[in-house]
Every structure is written in C-alpha cells, then in structure tokens.
2 protein chains.
Amino acid sequence: MSYPVTIKDIAKFCNVGVSTVSRALNKHSDVNPNTRNKITAAAIELGYIPNNNARNLRKTANKSIMVIVKGIRNSFFNRFIHVLVEEIDKKGYSLLLEVTDETKNDLQFAITTANEKKPAGIIFLGGNIFHSEKEIKSFQFPFVLCSGQMPSDIDKSLYSAVSLDDREESRKITNYLIQMGHKKIALLAADINDIGVGKLRLEGYLDALTQAGIKTPIINYTPNEETIPTFSMENGYIRMKELLEKKHDFTAVYALSDTIAIGACRALFDHGLCVPVDVSVIGFDGRDICNYYSPRLATLIQPADDMARNSAEILFEQIEQQSSHKIITLNGILEYGESVRPLYNKISKATSQTQKLNKNPKNKLK
Amino acid sequence: MSYPVTIKDIAKFCNVGVSTVSRALNKHSDVNPNTRNKITAAAIELGYIPNNNARNLRKTANKSIMVIVKGIRNSFFNRFIHVLVEEIDKKGYSLLLEVTDETKNDLQFAITTANEKKPAGIIFLGGNIFHSEKEIKSFQFPFVLCSGQMPSDIDKSLYSAVSLDDREESRKITNYLIQMGHKKIALLAADINDIGVGKLRLEGYLDALTQAGIKTPIINYTPNEETIPTFSMENGYIRMKELLEKKHDFTAVYALSDTIAIGACRALFDHGLCVPVDVSVIGFDGRDICNYYSPRLATLIQPADDMARNSAEILFEQIEQQSSHKIITLNGILEYGESVRPLYNKISKATSQTQKLNKNPKNKLK
C-alpha cells in the first residue's frame, strides 16, 4: 500500500466504488450500514487520513467563539452546547468553553476573560447581565445572550438576545394550573433579589394569580445565602421540604425549572404524598427526563435547538457583516405530562392511600 | 472617582476595610453575605476591573487543552467538564471543547482537529480508541483518556488513562443482584460489536453469571444500525420494550448506564409493571437523578470529580515535565437505592397490584 492512503485504495480494498467510499466516509445516509462499517473499518485499518486542506484554509488558531455557561452542572444547557459546537465548527471557528457560577456577574467575567483570550464573539448561555447601559456600550466584543436576560430598562438596541418571554410563559403555566381548578398554587422561586429569569417567572406567576382574582400567592424563595445552585434538584428538594414543614395549604406546585420540580416531587414522596393525587407539580424547561420520570412531568418546553441555532446565526451576522443587534423571542410549548390533575375530579381517600406505598420516609436524601 | 478604580476606592465607598473588600471579591467564606453583596454591588457600580496582570502573564492565546467529549448530550460528562474547566483555568490554559458522535473513531478525529488547532494536550472524555499501537505511537500530542477505554491488547506504556475497571465493577453489580436472590438477570447491552465500556461491562456480567453457575444470560443488544445514542433514556426505553414484547422471563434488569436504566423503568411502568416489586432495576454511573427518581435507583457511582482531576493532573505532568504515561484505576461505589429488592422475600400479589396505579398505558412516549 502506498502512502498517503487515498479513498481509491479503500475502494479497491473493499471492492466497492470510489463514490461509495466517499459517501460512507462523509456519513451520507444512502449507504448500507454494513457497507459503511466495512469501509470505516478499512479506512482505519489502512491508516487513511482525510484530506482536510479545505477545512484548514478556513481555520486559524485564534478564530474562536467563547461560550460562557452559567453553571455547567445545569445539564439543561447540553442541548444548546451540542448545537453550538456544530454551528461554530461549520463556520470554521473553535468553541472556547468558559463557566461562571451562579453568583458571578457575567459581563464582568466576560470583560476579563475576553480581554485575555480575544475571541471573535461571545455567547452567554443563561445568566443575567446587570450592568449599566454605559458599560454595555463600552463592551467591545460582539455578543448574544442565549436564554439569558437583561433588565427590562436596558435599551434593546444595545444588545442581541434569543430567549422566551419568560414572564408570559410563566403566566401560561400558572394559568394552566388555574384552569385545572387549582387556586392554592405554591411557587418554588429563586432568590427574592433575582433580576433575571427568576424575577420574570415570578412576575408571570403573580400576573396569572391577579388576573384570576387569587389574592394569596404562596411563595418559597431560595435564600440569598444558599450555596447550592438555585436551578437544581437538591434545591427543589430542600425548598419543598421547607414548605411541607411550614404546613402550608396548597394543591399545586409550580417549580421554576424541571430540576426544581423533580426535587420537589421527591420531597413530596418522602413526605408520603402522591403526585398528582395529593399535589400537582409542574416544571419549566422541557428536559428529556420529564418524559421518563414517574409520573411524567408537566413542563414548559423551551425550543433549545432553535434558540442555540438562532444565537449562533445572529452572532456570525454581527461578526461577518457588522450587522446591528437583534432580539429574537421564541414561544415555549406547554407539555401536560401526568403530574398535574384537575382539581374538580374528586379522588377518594382510599385511592390516594394506595399510591403512597413504597415511599419509605427513612430513605431520606443524603 | 479616579480611574482605574481600586479596591481602596471600594473600601472607602462601602465604609469597610481594604482587606474585607479583597476577601469579598475573592469569595472568601469569612465575609458576611450582606457585606459581600454590598461590596460586589459597589465594585460593579464603580466600574472596578480586577487586576489580572499575573493571570495575563501566565496566559497566551494558544495555550489550550482540547477536551473531546463523546456525545455531549450525555449529561454524565457535565460533572467532569465542570472540574476540568477549573483545573485547566488554574494552570493558565483555555479549554477548547470538541464533540464527537458515538460512531466516530476518536483518535482519527483528534488527529485532524489537533493538527488544525494545535492544543498543548488533549483529554478524551469517554469514548473508545481503537487504533493500532503504531498509530498511537505516532500521535504527537500529549493525551489522557478519561473514562474511556483502549483495547486490552494495547501496550499500557503507550498511553495515559483514568477510569474504573469496568469489567470488575460490572461483575460487582451483577453479583449484587445474584446475592439478592436473582438468577434471571437481563442485561440491556450496547452494540454487540462494541469494543469499549460496552464490551467490558458485558464481560463483567458474564463473569458473575459464570461464577454463580447461572447458564442462561438474557442479553438485549443495541442494534448496530440504531441511530439514537446507546447510553440514552430513549434507547433504554426501546430495548426494555423489546424485551417485554419477547416475553422473556426475568426478575432483574441490569442497564449499562443510569440513563438506560431510567428508560427501562419507564417502559416497565408503561407495561403496568412495578419497580422493584415486579422487576428489580440497577444502572451504572451514579448520576444525581438516581437519588431523585421514584423509586430511588440502584447504581454504581463513578467518582467523576476524582477522575477529572486526576486526568488533568496527569496531562499537565506530561506537558510540563515530559513525564511518562500513567494509568490510574479508581474504584466505583455500589449505591443500593430502592429499585432492587431481595427475591427471597415474597410479596403478595395484592400489594404488587396496588403499586401499579397511575401508570396509564395510553401515555406512551412520543
């Protein structure tokens, strides 16, 4: 075998046509899986190295997009990152990953880090920007907020963002619970001083209550000094336990994220309660786990793929064409699940009891 | 206010000592949260920019570590990435994120991408390397396999790796089920041709069965042509449904990952079965969700933080001191959960029935 190995060598080795090899190696779907495996195995066996000159020409070492993730333990952003890696790679850039924790001011972090690493642009994944207009104006890198928020008093021509209307989606969720007959709706909320999605979703909850003439919001805030991340199962578990210990009277729980909702469900189970027979629960985000949890969890689906794709698109428009800022607001989709029940259907105490089995209160979380 | 703003200015503004400001901005835990918030707010308000000269000196644009993640939708790697970002940042390097899909040959991908981007080193997160010794020797970048595998016939002095002994841990899991009285143990396995962790965990399962004199393995492989990721809830759901439709006789299911186990549980519920009353289920990985699922899921905990930290450490030793390769094998921890029951305890049919409520078979996955 002569070196470097070409696709002709592979074709000969496998006894197939050159175009079949090319299609197999480029992952076209019209190649028989067995043939594709044979070709891939042969390419490896023979030491074939793809000709990436075209790709190389487009890439230079410093063409990078910095993606700043708010709390990477929040696996909700995985779907975003997956799409961003693809979109950024397509444009011949590299993805520089940075992580901030919940308490950090993201723009401050970005100023420091971007000055060091000089990316072509920045995508903020989640998180809040709470600088002044003056400071936002002086920030010299193209950037897009993806699923994050600026305070509402910031001039919208100063920045680019792709998100849901969190306040409106939150109103929709709360309204759905109200339509199902619930009036005593508890909210597991973020820090009372939150000025990002936590604040917007809180406002949406209050909007819906006000519209329905419900005068008694039941809110359990995440304390400011809490060290575990707000949007985590652990936090949902603790906040729900607090609410149960306070003996608040409620029939439904709206949690600000699916992770909080799952933690809340577990706390309810450990308390000997059943979802949705005793308490209905709804989350926010539309994570895959909702469909596999028991009961299937009601939620509000954020179109993550579209959000990521739009964010990359806007950013590259700014980088390549020096285009101006753009704000895109997408719609969420309410997913009913099994964790919310209509309150007007009376369920007998006996049925409720049978569902409380197998929730050994001794098995508390560590 | 003179520019640039210093921590003295902030101290004066907040009426606290300079050391308090310094400790607050460096996130020391001995500062009162209210004071810390006041100081942080003042720092932002005054436009304070931290002095990062020391950091800058250490950093240059091209000092990067490439992290190649096998299937980033697999959120199991989040915990690893979180630690890697920290460790890499500490050393003054940037983290370049790359993603490969399940079908790609990771080393082939790394050769192409590393030649373009010239990282100082590479961490493979998950995945399989199945090149020849000759090819591994000719790979010019320092690298570490974190939670990934090389075929056992590759000379161990040729590479660095941090992982569990997947075969042994898998044997432990299967043995635990056997100790609980189970003899009919189904395995939800990877592709039959898998040569990475899928193969090793399969071997461990077979080892345990052989040791216990159990002659009838029940294995449902993920088909080679399956397009959804092997280690996903969706795959677990489909593979479990197949097994149920084949009417195999089993009392326990061992799934190769927690995601597969969760998908399997959901399929069991949709089939009107109860975990663990009708079928015991155990996973592998030790994800957070196990503790919040209902029932709490038995699993084998991989020490993700230690694995990531060790990987970074070995890689930097290679980069900075040109040290030789190192293989580190860590131990997993068996977590009993609630999803496995001892088979010798007879549970009456009546009890089992009551636990089947609320599993509406019409609510199938979309």
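For region B:168-316, the relative contact order works out to 21 percent when only alpha carbon pairs closer than 8 Å and six or more residues apart are counted. Label points for B:Ile136 are taken 7 Å from Cα along Cα→Cβ. From this copy to the others they lie 5.3 nm apart, shortest first. Look at where the Cα atoms of region A:147-215 and of region B:248-324 average out, and the two centres are 35 Å apart. Ordering A:Phe76, A:Phe109, A:Phe124 from the fewest to the most neighbouring beta carbons within 10 Å gives A:Phe109, A:Phe76, A:Phe124. Restricting the trypsin sites (Lys or Arg not before Pro) of region B:128-225 to loop positions (DSSP other than H, G, I, E, B) with no more than 12 neighbouring Cβ atoms within 10 Å leaves B:Lys215. The mean number of Cβ atoms from other chains found within 10 Å of a Cβ in peptide B:286-293 is 6, as a whole number. Look at the stretch B:112-123: the mean tally of other chain Cβ atoms within 10 Å of its residues' Cβ atoms is 3.
A simple count of charges around B:Arg309, restricted to other residues whose Cβ falls under 14 Å of its Cβ and scoring Lys, Arg +1 and Asp, Glu -1, yields -3. Among the lysines of region B:150-304, pairs that are 8 or more positions apart or on different chains and have alpha carbons within less than 29 Å of each other number 26.
Any read-out appearing in this document is the output of simple, stated calculations on the displayed coordinates, not a laboratory observation. Note that the coordinates shown come from a computational prediction; the quantities given were computed from them, not determined experimentally. Heads up, the Cβs are rebuilt from the backbone with ideal geometry, glycines too, and the neighbour counts pull from every protein chain shown.
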